[in-house]
Amino acid sequence: MDIINRLIAERPVVIFSRSSCSMCHTIKTLISSFGANATVYELDEIANGRQIERELAQLGCQPSVPAVFIGQQLVGGARQVMSLQVLNQLGL
């Protein structure tokens, strides 16, 4: 979890994604529609992406991407983010 903790430190919104993932694209678009300037890590484009995916899975992200952190707290994946959006509780 050290890598994830380091990557989310002092960043208000972080999205772990894969560049070829359509649901990841949807979540990034949704988050940016709120005016949030999310830090996005495309795990298929960075050297330690597979290790980060394993850590996300250990945190309970199934599938591992997209994974959204707001205020250094794991919000969850696409299902959780969309559910919070529908309930108007996304917290952005």
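The values are calculated or read from the model by the stated rules, or taken from the named source; none is laboratory data. Because the structure is predicted, anything quoted here is derived from the model rather than measured. Counting neighbours? That spans all protein chains shown, and the Cβs are built from the backbone with ideal geometry, glycine included. Side chains are part of the model used for accessible areas, which takes the heavy atoms of the whole protein and leaves out ligands, DNA and RNA. Shrake-Rupley method; radii C 1.70, N 1.55, O 1.52, S 1.80 Å.
Quick notes on this one:
- The chain pair-distance distribution - Cα-Cα, 5 Å bins, rounded %: 3, 15, 28, 29, 18, 6, 1, 0
- Near G76, the amide H atoms lying under 5 Å from its own belong to V68; only residues 5 or more places off or on other chains count, and H is placed 1.01 Å from N.
- Formal net charge of residues neighbouring S19 (Cβ-Cβ distance under 15 Å; K, R +1; D, E -1): -1
- The chain, helix-only ellipticity at 222 nm - DSSP H runs n ≥ 4, -39,500 (n - 2.57), divided by all residues, nearest 500: -12000 deg cm²/dmol
- FRET efficiency, Q85 to D2 (Cβ-Cβ, R0 35 Å, nearest 0.05): 0.70
- Longest site-free stretch - the chain; sites: GluC sites (Glu not before Pro), DSSP loop, at most 14 other Cβ within 10 Å: 46-92
- Per residue, in Å², the accessible surface of the chain once ligands and nucleic acids are set aside, probe 1.4 Å: 59 Å²
- Local electrostatic count, N5, Cβ distance below 15 Å [Lys/Arg +1, Asp/Glu -1]: 0
- Sparse packing (at most 15 other Cβ atoms within 10 Å of the Cβ) combined with a DSSP loop state is found for the following chymotrypsin sites (Phe, Trp or Tyr not before Pro) in the chain: F34.
- Think of it this way: in the chain, C61 stand alone, with no other Cys Cβ under 4.7 Å.
- With K and R counted +1 and D and E -1, the other residues having a Cβ less than 13 Å from that of A36 yield a net charge of +2.
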